[in-house]
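A short worksheet on the structure shown next.
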Amino acid sequence: MLEFYSGNGNMYAWDNEVGLSIPFSHTMRAVMNELSDQKSISNKGIIIKKLKKDFEEEEISYCYDWIKKWEKIKFQNYRLQIPYTVSISDIRQFVLRNCLLQLTLNVTEDCNFRCKYCVYSNNYKYTRHHSDRYMYFSIAKKSIDHFFSLTKEGLRYNPLRVPAVGFYGGEPLLNFDLIKECVEYIEDKYKMYHTHYVLTTNGSLLDEEKANWLMQYDFSISISLDGPEDEHDRLRVYRSGHGTFQDIMSNIKPIMDAKYKKIHSQTVFDWKSDLFKIDEFFNRSDVPHITGASIVNNVGGCKYYNRFSEEDNTAFMKRLEEAKIFYLENHDYYKSHAGASFFDLLFGKGAAQVLFGPGSLLHPFSIMPFTGTCVPGRKIFVDVEGSFHICERVPSNIPIGSVDRGLDFEKIAEILSNYFNHLDKCSLCKAQKLCQKCYQSFATDKGFLCSSKLCEELNHSLIESLTFAFTTAELDPDIVERYDIPHEKSEKIIMVNKNVF
Amino acid sequence: MYFRLNPECYFVRGSKNGAIFDLIDGKIVALDHQETELMTICENNEPIYDGRLFRELKKLRLGNFYLNKIYVQKLRIGSPIEEQQIGNPPKLYRAFLEINNSCKRDCWFCGYYGIRRSLGCMGCNKWNQNGEPLPTEKWKKLIDDLRNLDCKSIFITGGDLTLIWDKAIDILDYANKKFDNIYIVLHKRSLSENMMSYLTDKAKIIIQTENLDKQQLDGYIYLLIVKPEDRNSVDGITSKNTIRDFVIRKPESLTNSSLMTKKKIQLSNMHLFLNNIKYHPCLGHTLAISYTGDVLPCPMMRGHKFGNVSTREIYAIFEKEWEDIYKFWGLNLDKIERCADCEFRYTCIDCRALEECLTGKIDGKRLCSYDPKEGEWY
């Protein structure tokens, strides 16, 4: 078990077999150790006799009975068979039932920005670099036809799926004509699927005409905004090096004035970011609601953090801690605020994910037994030349098909097998069900590589996350028991009825 | 000092009283009003003074004392965040395939005469209804479609299946290639030994009967018809493979021994309890397909129809009528009058078909002898 203490000084332990954290104590640990000691006889009387010099007899008895009861719900620990193989027909069925959520077209690799942390900059070893390639309609059309052909077949397995088509870049609005062509084609040929459209843009080319067209087709518009002007312009600049903030704010004004609901912000920060200023900025009514916040990705082969010193890191960690404390001290304000705040996403949602993300009691899908990874095919990311990829973040040397071959289930089987065969420590990991790592975390140019260091770091950060989640929940369960549905802080994750505890 | 229930213990409040449900050991601790208020304070993480109730609950291993405010995550199945993802496939666990509506017997308890039974869904029935029966090929197609939808179990039912024996075994044999969990319903008087031996290993056989044999055969499920006047006398029947199928002639015939009585409140398993928090205990995850192909919430709720599989495939019915289907699946007992006030609502049974028939309302309640507002059984 992974033991940790909350801010209130309570002891808890993450029980991976059940997939839940439980109240814990030194007595509980001692009794568990006695019970798991294969050499000794685990009779209650003997254990009490053995432990009563250190613990209260009544408490030993309680722990013994409760552990015995708790064990009744434990399954045999899941063990992955190495070498891991999975049948192509199982993958096909899984994809048709549970995947195909979004087709993302990388309509251009060109971008008018040169953001400091860009995943396509030279900072990342395993992703492509800046280029000026554009997608042609012939590639987009074949991708769309293939996606809807699978969607049609998949309806028999999951009739409730709402297909989404996303446009990504580079800066996708540099190829706006292609976006229009694609949407018109889908609306003409696949109208019956009520497709949901998604655009991820830097916002600089979002003039009124484009904005009106996007709103007409009910697009979810995701704007990359990194906070107030000085924060944003430090990281997100034009090729010329000039700041981009003013142009974006002026472009989104008509959309905000129109009270369009499906526009939101995604923010990225680094060790130099002023977290408080970012939080304050996203509480403004002229700024789209924030639905995503993440620190610059530090995956294998990333050089971005080379520019920072140890002191920068220490100072950032201090500010992060101050922000956490501020968030907890002002939780009433954050609860009452309409829409999620930056701190809600950073802290509240993170805590909710730790508490309610892991699947309790159920065995994971045998097809994806470990880590938080998806089965390739959940999304299909199409690059400008028509190769299919797992998603926009996973390096392009692991394709899963192409416009000509379609989604390659054999390739997916090979990727899964390759992936899990490199994760030979997972079956014994105490944090197995909490792990959120995926292909991106382990990808190299020669396949997947899982290092002990990565797992150590993960375990360390999980304990920190659990500590924070329980500290928050002790203060006010309402913060963690709500899961932010975009634009509204509405339903509680676990109980809708206030009379159930 | 604080007292909190353990992760496996849920505390449910009714309008007057509350109850604690131990999901591992299946125990229920019913609390009086004062205890309910005390328990509410505890579970709201407010400090308490040591007291008899809490010491008692600790002795029962249902909760523990803590020095500080503590957060106890409740035991659950799966991931609530995962479940909230938009576009998850529907969770269809059970489908009734009513492949026939003909029967030469003239049983007094038959649905044909408008008689309602507590397990009329599962038992044999024919309906006073005309229409073209679905051909075998359509049933096979439907079985394929249900398999694709990941349906967990099917019930093959309708009239007297022995009258269409060739068709029934053709469909059953086909279903056997696709499903592990198949039930088939037959009346005891129609069953021959040859038929029984043919069906063994292919399906779980549910035998509808009015009288129990002295020696019931193992491996079969007996569905015993119970007349209103015999309700009390069958309480002693405890055979593990016998289920009582109560006949409801009319509301006036209901005595104090209504369907739901104190004796019947039991916590069968954590899956059902957790499921019932969100779904109707019977209609949730269930569909029935009538012999003409009508898709119904259950075989007895013939007035509600989501579509017909002879004109639209079942997946297309899910796609277009999901909102309507979910109205029945999601009709948890919080939405039923009286039940909403009851602390036992997530561990209770409920037959919406009967209740609707007796009260004329989809959310009406007649078959219960507990008054949750007073906290008394009558």
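Could you tally the net charge around A:Q93, taking each other residue with its Cβ under 11 Å from the Cβ of A:Q93, Lys/Arg +1 and Asp/Glu -1? Its environment carries a net charge of +1.
Is the shape of the protein assembly as shown rounded, prolate or oblate, going by the alpha carbon gyration tensor and its root eigenvalues a ≥ b ≥ c, with a/c under 1.5 for rounded and a/b larger than b/c for prolate? The shape class here is oblate. Computed from the C-beta positions of A:H242 and B:E46, the FRET efficiency with R₀ = 51 Å rounds to 0.35. Panel note: contact residues of the stretch B:79-99 (accessible area lowered by at least 10 Å² against the chain on its own; 1.4 Å probe) correspond to B:S79, B:P80, B:I81, B:E82, B:Q84, B:Q85, B:I86, B:G87, B:N88, B:P89, B:P90.
Computed from protein heavy atoms with a 1.4 Å probe, the total accessible area buried between B and A is close to 5000 Å². Rolling a 1.4 Å probe across all protein chains gives B:L217 an accessible area of roughly 90 Å². Taking each residue as 0.36 nm, the span from A:D145 to A:D257 lengthens on full extension beyond its C-alpha to C-alpha distance by 36.7 nm.
Rolling a 1.4 Å probe over the heavy atoms of the protein chains gives chain B an accessible area of 43 Å² per residue.
The portion of the accessible surface of the protein assembly as shown made up by carbon and sulfur, rounded to a whole percent, is 50 (1.4 Å probe; DNA, RNA and ligands excluded). Contact residues in the stretch A:20-65 (at least 40 Å² less accessible area with all protein chains than alone, 1.4 Å probe): A:L20, A:P23, A:Y62. For chain B, a Gaussian network of Cα nodes joined below 10 Å ranks B:E82, B:E321, B:E356 by mean-square fluctuation, and the top entry is B:E82. Comparing B:G364, B:G114, B:G303 in a Gaussian network model of chain B (Cα springs below 10 Å), the most mobile by mean-square fluctuation is B:G303. Computed from backbone phi with θ = phi - 60° and the Karplus coefficients 6.51, -1.76 and 1.60, the 3J(HN,Hα) list for the stretch A:264-276 is 8, 9, 10, 10, 10, 9, 9, 5, 9, 5, 8, 4, 5 Hz; x is used for glycine and proline. Relative to the longest principal axis of the Cα atoms of chain A, the long axis of helix A:409-421 lies at roughly 40 degrees. Taking amide H as placed 1.01 Å from N in the peptide plane, the amide H of B:I248 sits under 5 Å from that of B:R116, B:R117, B:S118, each at least 5 places away or on another chain. Rolling a 1.4 Å probe over the protein heavy atoms leaves B:R312 with an accessible area of roughly 80 Å². Helix-only arithmetic for chain B: the sum of -39500 (n - 2.57) across DSSP H runs with n ≥ 4, divided by the residue total, places the mean residue ellipticity at 222 nm at -7000 deg cm²/dmol.
Calculate the FRET efficiency for A:R319 and A:K44 from the Cβ-Cβ distance with a Förster distance of 51 Å, rounded to the nearest 0.05.
0.50
When nucleic acids and ligands are ignored and a 1.4 Å probe is applied, B:T359 ends up with an accessible area of around 40 Å².
Counting only protein heavy atoms and a 1.4 Å probe, chain A has 44 square angstrom of accessible area per residue.
The amide H of A:C115, built 1.01 Å from its N in the peptide plane, has A:V237 as neighbours under 5 Å, considering only residues 5 or more places off or on other chains. The phi-based Karplus calculation (6.51 cos²θ - 1.76 cosθ + 1.60; θ = phi - 60°) puts the 3J(HN,Hα) values of the stretch A:215-222 at 5, 4, 9, 6, 5, 7, 9, 10 Hz, whole numbers, x for Gly and Pro. Panel note: contact residues of the stretch A:351-372 (accessible area lowered by at least 10 Å² against the chain on its own; 1.4 Å probe) correspond to A:Q353, A:L355, A:F356, A:G357, A:P358, A:G359, A:S360, A:L361, A:L362. Per-residue ellipticity at 222 nm computed for chain A from its helices equals -12000 deg cm²/dmol, with DSSP H segments shorter than 4 residues left out and the rest contributing -39,500 (n - 2.57).
Multiplying the residue separation of A:E385 and A:S417 by 0.36 nm and removing their Cα-Cα distance gives an extension gain of 8.9 nm.
Rounded to 0.05, the FRET efficiency of the A:D286 and B:E374 pair, given R0 = 60 Å and the Cβ-Cβ distance, is 0.60. Candidate cross-link partners of A:K303 among the aspartates and glutamates, defined by an alpha-carbon separation under 20 Å and a same-chain spacing of 8 or more, comprise A:D270, A:E311, A:D312, A:E392, A:D445, A:E457. For B:G78, the residues 5 or more places off, or on other chains, whose built amide H falls under 5 Å of its own are A:S360, A:L361, A:L362. Between A:K69 and A:K189, residue separation times 0.36 nm minus the direct Cα-Cα distance comes to 37.4 nm. Between B:L274, B:L67, B:L119, the GNM of chain B built on Cα springs shorter than 10 angstrom shows B:L67 fluctuating the most.
The label point for A:L205 and the one for B:Y112, both projected 7 Å from the Cα toward the Cβ, are 7.3 nm apart. Converting phi to 3J(HN,Hα) with the Karplus coefficients 6.51, -1.76 and 1.60 and the offset θ = phi - 60°, the stretch B:66-83 yields 9, 6, 10, 4, 9, 10, 10, 6, 7, 4, 8, 10, x, 10, x, 5, 4, 5 Hz in sequence order, with x at every glycine or proline. These residues, B:M39, B:M196, go from largest to smallest accessible area, 1.4 Å probe, as B:M196, B:M39.
Summing Lys, Arg as +1 and Asp, Glu as -1, what charge do residues with Cβ under 13 Å from the Cβ of A:I41 carry, A:I41 excluded?
Working: positive: A:K39, A:K44, A:K49, A:K50; negative: A:E34, A:D37.
Neighbourhood net charge equals +2.
Can you pick out the pairs among A:K277/A:K335; B:K27/B:K240; B:K104/B:K202; B:K27/B:K91; A:K262/A:K335; B:K74/B:K141 whose Cα atoms lie more than 30 Å from each other? Over 30 Å apart, Cα to Cα: B:K74/B:K141. A viscosity of 0.890 mPa s and a temperature of 25 °C, combined with the Kirkwood radius over Cα pairs in Stokes-Einstein, give a translational diffusion coefficient for chain A of 98 µm²/s.
The values are calculated or read from the model by the stated rules, or taken from the named source; none is laboratory data. Everything quoted here is computed from the prediction, not taken from an experiment. Neighbour counts run over all protein chains shown; Cβ positions are idealised from the backbone, glycine included. For the accessible areas, the whole protein counts, side chains as well, though only heavy atoms, and no ligand, DNA or RNA atoms are used. Shrake-Rupley method; radii C 1.70, N 1.55, O 1.52, S 1.80 Å.
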